[in-house]
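All of the numbers you see were taken from the coordinates with simple rules; none came from a lab. Everything quoted here is computed from the prediction, not taken from an experiment. Cβ sites come from the backbone with ideal geometry, for glycine too, and all protein chains shown count toward neighbours.
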Amino acid sequence: MRQLLLLRHAKSSWDDPALSDHARPLNARGRRAAAAIAATMRELGLSPDIVLVSSARRTLQTLEALTPFEDAALVEPMDALYLAPWRNILAAIREVPETARSLLVIGHNPGLHELALALAGAEGIIRGGPMVQRLADAYPTGALAEFTIASPWHLLEPGGGRLVRFIQPRDLLAADPAETLP
């Protein structure tokens, strides 16, 4: 079995209207959320072999919060993942070497959310229970979906993933009284 981790970048700042969308950094809330996701990934032993990350500043800063990984991961920043539609993200995943057992993709909505829904497949969404319903409802900034994949990467198709967990930063930070996220 392979593991696919889909992480939407953490919350970004809109404070500087002169910055292009590609250059927007994380805001303070985003940095806290990324740190919380990083801690949770470490606790769960989620350490990818390969990371495909959008070249946008906010995705790269989200990645910074996650590193270092337990094992040195091969990190590939990709311009093609910036605001990519789900089929383009799937195409990038299909190019991953078959030797990789765990892959992390850090990207943007709506493409990442649509990819997660496509991997779960219609049957998974209908019968997937509350976790899959949460995924179907929204994919907020900083959210992480973990899928198991039975096929080789190059044969991954819609419906080819089983959702193992869906973690949202507000779930992690809600336990800390000093943190409040809407």
- So, in Å, what gap is there between the alpha-carbon centers of the stretch 3-45 and the stretch 72-120? 16 Å
- Message: Compute for the chain: radius of gyration divided by Kirkwood radius, i.e. Rg/Rh, restricted to C-alpha atoms, rounded to two decimals.
- Response: 0.94
- Dipole magnitude of the chain, debye to nearest 20 (Cβ charges: Lys/Arg +1, Asp/Glu -1, about Cα centre): 300 debye
- Message: Helix-only mean residue ellipticity at 222 nm, the chain, DSSP H runs n ≥ 4 weighted -39,500 (n - 2.57), per residue, nearest 500. What is it?
- Response: -11000 deg cm²/dmol
- Taking R0 as 35 Å and r as the Cβ-Cβ distance between ALA150 and SER20, the FRET efficiency 1/(1 + (r/R0)^6), rounded to the nearest 0.05, comes to 0.30
- Angle, helix 57-66 long axis vs. longest principal axis of the chain, Cα atoms, 0 to 90°, nearest 10? 80 degrees
- Note on the structure: Normalised Cα Rg of the stretch 10-105, dividing by 2.2 N^0.38 Å with N its residue count, works out at 1.12
- Item | Cleavage-rule hits, trypsin sites (Lys or Arg not before Pro), the stretch 31-115, DSSP coil, Cβ neighbours within 10 Å at most 16 | ARG101
- Note on the structure: One would report the antiparallel percent of DSSP beta bridges in the chain, rounded to the nearest 5, as 45 percent
- Points 7 angstrom from Cα along the Cβ direction at LEU74 and MET1: gap in nanometres? 2.4 nm
